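Below is one structure, written out as structure tokens; comments come after it.
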């Protein structure tokens, strides 16, 4: 018999975290630790974040054994900004049993309906800025750092319950970080870039650890100005961005976090994240969490790290739409690719890339006639609100 109950106690949260041990048993690409710090994101988030996002977590049990989990999310800042009656779900994990899936999604939907929300979208973890969607490819692979990894049957769980795919986004893999520019057919393209760079007044600087709060505000302002008309946008708060940066700082290489400036004013941002999952996979056999973290961090920081970590995830490309220099996005990509090459990285994966991204997909990837390496999908279903 399947029962679904709301998470209430510390023991419940411990069982919530342990669901992945059951779901991913036997998965050769599964990493033993959650990609997100659930304590800081869900259980005890900063007050400023908790004040704009209400959640309800649920556990599914079969004969007393936990077999699934889900979180219903009401992002009040999104509701206030967009005026849309949409709730979200995320952190979904479940065994391959449609009865379990239905029970979990029913519980999440009922909670959202109780808050007057007329649709449910997801999965988000807990918002689009952190992690979104599920993998829907048929080729299992080691997950890219910060991107979803899940059993392929999740899509069937969602669709049988009535969720419909509403947005796909992609990752694009290149075996050489300079492949965009050094293919023979793009020699002319590279020459143009070099000429543009020579006459451009745009300069680049790396984010600094000691000024991370100031730089976080700069990135926040650029993000909110750039993506205001994008699908699913709601303003990003300084506190939320700072929390994410704090979680990422141990694995970031500041040389790969680029701010573009024109006349001393920030006009663009691009970040490359060393694919720490490659190092985490090397430490996955260790029993102790702290020892896994220590070994992973050692691989990230050691001088010969590219022996283990040869890849970089390219993320967060955005440019001030009012910037008079229209080549900033291309210059950022070229500058980052040169830095990755000089640091010894030999592969790069750009993700997430939306259909309507004018820089990552429109101005660069489509010119390369590159096909997506992985596809991720976000789902939605309208909910029936009680009649007044």
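Conditions (1) surrounded by fewer than 19 Cβ atoms within 10 Å (Cβ to Cβ); (2) within 13 Å of residue 33 (Cβ to Cβ); (3) more than 17 Å from the chain's Cα centre (by Cα), marked per residue:
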{"residue": "248", "(1), (2), (3)": "yes, no, no"}
{"residue": "253", "(1), (2), (3)": "no, no, yes"}
{"residue": "266", "(1), (2), (3)": "yes, no, yes"}
{"residue": "270", "(1), (2), (3)": "no, no, no"}
{"residue": "283", "(1), (2), (3)": "no, yes, yes"}
{"residue": "293", "(1), (2), (3)": "yes, yes, yes"}
{"residue": "296", "(1), (2), (3)": "no, yes, yes"}
{"residue": "301", "(1), (2), (3)": "yes, no, yes"}
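Out of curiosity, is residue 25 surrounded by fewer than 14 Cβ atoms within 10 Å (Cβ to Cβ), more than 24 Å from the chain's Cα centre (by Cα) and either modelled with pLDDT of 90 or more or more than 16 Å from residue 93 (Cα to Cα) (or both)?
Numbers: surrounded by fewer than 14 Cβ atoms within 10 Å (Cβ to Cβ): yes; more than 24 Å from the chain's Cα centre (by Cα): no; either modelled with pLDDT of 90 or more or more than 16 Å from residue 93 (Cα to Cα) (or both): yes.
It is false that residue 25 is surrounded by fewer than 14 Cβ atoms within 10 Å (Cβ to Cβ), more than 24 Å from the chain's Cα centre (by Cα) and either modelled with pLDDT of 90 or more or more than 16 Å from residue 93 (Cα to Cα) (or both).
Which number in (1) touching a residue at least 60 places away in the same chain (Cβ under 8 Å); (2) over 28 Å from residue 145 (Cβ atoms); (3) not in a strand (DSSP E or B) marks the one condition that residue 80 misses?
(1)
To keep it simple, each residue is scored yes or no on (1) out of contact with any helix residue (DSSP H, G or I) (no Cβ under 8 Å at 6 or more places or on another chain); (2) at pLDDT below 85; (3) loosely packed, with under 15 Cβ neighbours inside 10 Å.
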position: 310; (1), (2), (3): no, no, no
position: 320; (1), (2), (3): no, no, no
position: 332; (1), (2), (3): yes, no, no
position: 335; (1), (2), (3): yes, no, no
position: 344; (1), (2), (3): no, no, yes
position: 350; (1), (2), (3): no, no, no
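Could you list all residues from the range 302-352 that are in contact (Cβ under 8 Å) with a residue 12 or more places away in the chain, out of contact with any strand residue (DSSP E or B) (no Cβ under 8 Å at 6 or more places or on another chain) and part of a helix (DSSP H, G or I)?
Selection gives 306, 330, 334, 338, 341, 343.
Given the range 112-199, what helices (runs of 4 or more DSSP H) lie entirely inside it while holding 3 or more residues that are closer than 30 Å to residue 346 by Cα and at pLDDT below 80? Step through it out loud before you land on a result.
On the way: elements: 154-161, 179-182, 187-199.
Helices (runs of 4 or more DSSP H) meeting the threshold: 179-182, 187-199.
The values are calculated or read from the model by the stated rules, or taken from the named source; none is laboratory data. Everything quoted here is computed from the prediction, not taken from an experiment. Counting neighbours? That spans all protein chains shown, and the Cβs are built from the backbone with ideal geometry, glycine included.
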